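First up is the structure itself, then whatever we jot down about it.
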Amino acid sequence: MRLSLPKLPTLNAKEAEKILILLGYELLRIKGSHHIYGKGNERFVIPFHSGKNLHPKIVKSLVDLQNEN
């Protein structure tokens, strides 16, 4: 028997950045192509690789952040 899990949205880095900013995160620093955002003691890293979608694990972490708030 297969479980059907809900599909995660596909996001690129700019879309993920907009969501983080709406959640109150701010850009702390940039190291190479990785943008590090923070809110209090929490950190979230988004890799900005042009033309590529984010890995599903990163999208899931972002969805989990949205559900917490």
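The values are calculated or read from the model by the stated rules, or taken from the named source; none is laboratory data. Everything numeric here is computed off the predicted structure, so don't read it as measured data. Cβ: placed from backbone, ideal geometry, glycine included. Neighbour counts: every protein chain shown. Keep in mind that these areas ignore ligands, DNA and RNA; they rest on the heavy atoms of the full protein, side chains included. Shrake-Rupley method; radii C 1.70, N 1.55, O 1.52, S 1.80 Å.
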So how many residues does the stretch 1-47 have that are loosely packed, with under 10 Cβ neighbours inside 10 Å, at pLDDT 95 or above and of a type in the set (A, V, I, L, M)? 0
Any residue that is open to solvent by less than 80 Å² (accessible area, probe 1.4 Å), among the small types (G, A, S) and without any contact (Cβ under 8 Å) to a residue 24 or more places away in the chain - is there at least one of those in the stretch 48-55? no
In the stretch 40-51, how many residues are of a type outside the set (F, W, Y) and in contact with a strand residue (DSSP E or B) (Cβ under 7 Å, 6 or more places away or on another chain)? 4
Show me the strands (runs of 3 or more DSSP E) found entirely inside the stretch 1-64 where at least 1 residues are over 11 Å from the mean Cα position of the chain (by Cα) and among the acidic types (D, E). 26-31, 42-47
